[in-house]
Amino acid sequence: MEQIKNDIVDYLKANSFMDNNSSLKDNDSLTQNGIIDSIGLLELMDYICEKYSIEIPEDMLTPENFDSLQGITNMITKLAK
Amino acid sequence: MSKLVCKKCVLDSEIPGIQINKDTGLCHFCETYTPLSSKEKKEYLTRIEELFKQYGGKGNYDVIYALSGGKDSSYTLYKLKKDYPFLKILAVQFDNGFTSENAIMNAKKMCKITGCDYFQLTMEKEILYDTFQKAAESYDAFPKFAKYRASDICNVCITIIKQKLIEQAIVQKAPFVVFAFTAGQSPNPIINLSVNFIQWSRNLFEKQLQKIGIEDKDEIFLLKKEVLENIGENVPSILHPLCLWDYSEDKVLETLLEIGWEPPGINDSNSTNCTLNSFACYNHLEKYGFHPYAFDVAGLVRSGEMPREEGLEKINQELSQPLIEEAARKLKLKIKSSQKIVVKV
């Protein structure tokens, strides 16, 4: 679980979605904290699908699954099983 | 520490968040850049053709097309119709109150040449001016990454276009929305939308508008809830074919001039259709300290679609003072008038 969270934070930092020195709590909203918008979400989805070799079903594209580190981690864990 | 400019593209170490590796001389985008191969591009184009054949011919239109009347969107419409003559296309031009007469004329002309229907989307000028004024006065209303892609003014404008084109696609039962984004502007050639994602994007934009002080109760800018509720099976996909074609500004202009598109009369190196663009760039530079086209141009240079010298020239060119002054007057905003507005690199 921690590895997935670190991977996502590394991706967000490497692609300039967030500053290197800023931190993100597990349940912080990515959209409300100004880290990502709809185009950024599309790119993040692409990254997740490729990195974890998963397909994200349409009904899982919700803020609950995509708007926080915890939500993303839970979703990946579920889909990667 | 002195400023470092990436050896491959045009980004520099003074842009917030950009790091240049001292050993390689490259920014972290160039270091990790993996372009689409010719084979991948060909596969995407084959996939797009298959999608056109599979889902076309069922709605009022096959494609809702974002036509600004500028060079990229005019060229993409021409090539799209040339490569796929069977497509029924509705070209939508958003007149944001600053669209040049030349761009409107070119858009109509391109529709005539390609045999596409033309629709002009617009709103009352006072509402548009008020919206762009609020976008100009806002700070950090958009995520950091959005600010890299475009100015706050352009982000508001392009999001309105996206919302309204998706709305139009749903209403017209058109399976595709096509934008003329270059590889630098959008790396994803095919985006399959879902109802959840469309709903989420709409809500995000609603919040961004609220953040800059706009309550769009009448859904002038937002995708109408009623349309979304009745979407049924008609969930459109977004296509970006231009990022799969060989691109060079010279080639695009040469093709367009041959078929009767007329060069713009506006003095803006980054836009051939919008008279607000120079002000939007000025405003972004004043607020955030870097050119809003830096990432777009860097993407083109990185992918080899624009020579680096040309890219550097583009983002260092002096912005048009008359265009900035005219837009500022319309938006009732003050500008620094005593100095030359030049981008620093």
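Among the residues making up the stretch B:4-22, a single one is touching a Gly at 6+ places or on another chain (Cβ under 6 Å) and either surrounded by 17 or more Cβ atoms within 10 Å (Cβ to Cβ) or outside any loop (DSSP other than H, G, I, E, B) (or both): B:V10. Taking the stretch A:34-81 and the helices (runs of 4 or more DSSP H) fully enclosed by it, the elements with 2 or more residues that are under 15 Å from B:L204 (Cβ atoms), within 14 Å of another protein chain (Cβ to nearest Cβ) and of a type in the set (A, V, I, L, M) are at A:38-52. Total residues in the stretch B:59-113 satisfying the condition of being surrounded by 22 or more Cβ atoms within 10 Å (Cβ to Cβ), free of Cβ contacts under 8 Å to residues at least 40 places away in the same chain and among the acidic types (D, E): the figure is 0. Residues of the stretch B:24-62 that are of a type in the set (D, E) and modelled with pLDDT of 95 or more: B:E43, B:E49, B:E50, B:D62. The number of residues in the stretch B:166-196 that are under 30 Å from B:R302 (Cα atoms), open to solvent by less than 30 Å² (accessible area, probe 1.4 Å) and not in a loop (DSSP other than H, G, I, E, B) comes to 4.
B:T182 satisfies every condition listed in (1) away from chain A (no Cβ under 14 Å); (2) out of contact with any Phe, Trp or Tyr (no Cβ under 7 Å at 6 or more places or on another chain) except (2). For the stretch A:17-73, a residue qualifies if it is small (G, A, S) and over 21 Å from B:S194 (Cβ atoms), and the qualifying residues are A:S22, A:S23, A:G34.
Taking the conditions exactly as written (out of contact with any strand residue (DSSP E or B) (no Cβ under 9 Å at 6 or more places or on another chain), within 30 Å of B:I214 (Cα to Cα) and among the basic types (K, R)), does B:K58 satisfy them or not? It is false that B:K58 is out of contact with any strand residue (DSSP E or B) (no Cβ under 9 Å at 6 or more places or on another chain), within 30 Å of B:I214 (Cα to Cα) and among the basic types (K, R). When the stretch B:213-244 is filtered for residues that are among the hydrophobic types (A, V, I, L, M, F, W, C) and open to solvent by less than 20 Å² (accessible area, probe 1.4 Å), the ones remaining, listed by number, are B:I214, B:F221, B:L222, B:L223, B:L228, B:I231, B:I238, B:L239, B:L242, B:C243, B:L244.
The values are calculated or read from the model by the stated rules, or taken from the named source; none is laboratory data. Everything quoted here is computed from the prediction, not taken from an experiment. Don't worry about glycine lacking a Cβ; one is built from the backbone with ideal geometry, like all the others, and counts go over all protein chains shown. These area figures cover heavy atoms from the full protein model, side chains too; ligands, DNA and RNA do not enter into them. Shrake-Rupley method; radii C 1.70, N 1.55, O 1.52, S 1.80 Å.
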